[in-house]
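The values are calculated or read from the model by the stated rules, or taken from the named source; none is laboratory data. It should be emphasised that the depicted structure is a prediction, and the values quoted were computed from it without experimental measurement. A quick note on method: Cβ atoms are made from the backbone with ideal geometry, for glycine too, and the neighbour counts reach across all protein chains shown.
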């Protein structure tokens, strides 16, 4: 069960940030669900909404990565709370005012093991070449009608069949890994939209670029907002909105990219981005500093301001 942070404690902590001039490409996808739409005030600004915060999950990926392992949930929660507050989302002073149950999931994706896939493809190619040579044909060509059927041929056919089975298994693993990462990172619609005849007719490398993204390790955050009353009463999670952001892990460090990633994602909190937003930025990294407790914000400061009388 996810552990809720105390609802009465607002802006738990902040992390200091230091900008750098390194390059980074962020990918953000945000979507609303179940008819959710942010309510607006008469002046067109978004009305204040309250949430309870919970630790979703941490997915560390494969291998040791000190830059992500040392970043803890309170740091992430404190920074996210600041960014949410800038968009008029505040941590609820009590359960009655909480509209959302907010879950934060973060970590590093597990990509396709490209070495395994390449080994299987190479093994299949070698087996087919051996069959072609056994049939009397040139390497690289295989025909069921070339050459006499010998015991050696049948043996080579068996090796080719085995290699083909292994290659199909590798292809299935690749497809499943890509599907999982595409859903996790919000790439599904964009990849499907780019997967058409146009990509074979000089339409650029967008499709290949997207696939490269999901087949390589990426740091990510997913901020998901569920209907709080429904979660409390029924235990069911009714998703209202979710914002996903990621960057390539290679060449970056999580503790340097995390704050920047969340800042980019915060522009779309509670809203629909319409599509995957891949954006190149020159100044893309900030460093998470030591955790700083900033205290409790009094209830009087988080109450709605009374409407002006006409």
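Taking the residues in region 167-187 that are surrounded by fewer than 16 Cβ atoms within 10 Å (Cβ to Cβ) and modelled with pLDDT of 80 or more as candidates, determine which candidate is nearest to the chain's Cα centre (by Cα). Outline the logic, then answer.
The first filter runs over region 167-187 and keeps only residues surrounded by fewer than 16 Cβ atoms within 10 Å (Cβ to Cβ), leaving 168-169, 171-173, 175-176, 179-180, 183.
The next check asks that each one be modelled with pLDDT of 80 or more; those that pass are 175-176, 179-180, 183.
Values: 175: 17, 176: 15, 179: 12, 180: 10, 183: 8 Å.
Selected residue: 183.
Condition (residue is crowded, with 18+ Cβ neighbours inside 10 Å, within 18 Å of residue 217 (Cβ to Cβ) and within 17 Å of the chain's Cα centre (by Cα)) applied to region 65-74: is it met by at least one residue?
Yes, some residue in region 65-74 is crowded, with 18+ Cβ neighbours inside 10 Å, within 18 Å of residue 217 (Cβ to Cβ) and within 17 Å of the chain's Cα centre (by Cα).
Name every residue in region 231-248 that is modelled with pLDDT of 95 or more and either more than 18 Å from residue 183 (Cβ to Cβ) or buried (at least 17 other Cβ atoms within 10 Å of the Cβ) (or both), in order of residue number.
Within region 231-248, the subset modelled with pLDDT of 95 or more is 238-247.
The answer is 238, 240, 241, 242, 243, 244, 245, 246, 247.
Answer yes or no as to whether residue 270 is touching a strand residue (DSSP E or B) at 6+ places or on another chain (Cβ under 6 Å), modelled with pLDDT of 95 or more and buried (at least 17 other Cβ atoms within 10 Å of the Cβ). Spell out the reasoning first.
Details: touching a strand residue (DSSP E or B) at 6+ places or on another chain (Cβ under 6 Å): yes; modelled with pLDDT of 95 or more: yes; buried (at least 17 other Cβ atoms within 10 Å of the Cβ): yes.
Yes.
Can you tell which of 226, 260 is in the same structural domain as residue 54 (by TED's automatic domain parsing), touching a strand residue (DSSP E or B) at 6+ places or on another chain (Cβ under 7 Å) and modelled with pLDDT under 95? Walk me through how you get there before you give the answer.
Details: 226 fails: modelled with pLDDT under 95.
Of 226, 260, the one residue that is in the same structural domain as residue 54 (by TED's automatic domain parsing), touching a strand residue (DSSP E or B) at 6+ places or on another chain (Cβ under 7 Å) and modelled with pLDDT under 95 is 260.
Could you pull out every one of the helices (runs of 4 or more DSSP H) wholly within region 197-271 that has 2 or more residues that are within 18 Å of residue 102 (Cβ to Cβ)? Walk me through how you get there before you give the answer.
Working: elements: 206-214, 228-234, 254-266.
Counting at least 2 such residues, we get 228-234, 254-266.
Report yes if some residue within region 80-92 is farther than 19 Å from residue 267 by Cβ, over 19 Å from the mean Cα position of the chain (by Cα), surrounded by 18 or more Cβ atoms within 10 Å (Cβ to Cβ) and in the same structural domain as residue 252 (by TED's automatic domain parsing); otherwise report no.
Here is the first cut: in region 80-92, the ones farther than 19 Å from residue 267 by Cβ are 91-92.
From the residues that got through so far, the ones that are over 19 Å from the mean Cα position of the chain (by Cα) too are 91-92.
Then drop every residue that is not surrounded by 18 or more Cβ atoms within 10 Å (Cβ to Cβ), which leaves 91-92.
If we keep only those that are in the same structural domain as residue 252 (by TED's automatic domain parsing) as well, we get 91-92.
Taking every residue of region 80-92 in turn, at least one turns out to be farther than 19 Å from residue 267 by Cβ, over 19 Å from the mean Cα position of the chain (by Cα), surrounded by 18 or more Cβ atoms within 10 Å (Cβ to Cβ) and in the same structural domain as residue 252 (by TED's automatic domain parsing).
Condition first: over 24 Å from residue 73 (Cβ atoms) and touching a residue at least 60 places away in the same chain (Cβ under 8 Å). Now tell me which residues in region 211-228 satisfy that. Working first, answer last.
Quick first cut of region 211-228, residues over 24 Å from residue 73 (Cβ atoms) only: 211-216.
The answer is 213, 214, 215, 216.
Mind listing whichever residues of region 73-97 are free of Cβ contacts under 8 Å to residues at least 60 places away in the same chain and closer than 20 Å to residue 107 by Cα?
To start, the set of residues in region 73-97 that are free of Cβ contacts under 8 Å to residues at least 60 places away in the same chain comprises 73, 88, 96-97.
Passing the criteria: only 73.
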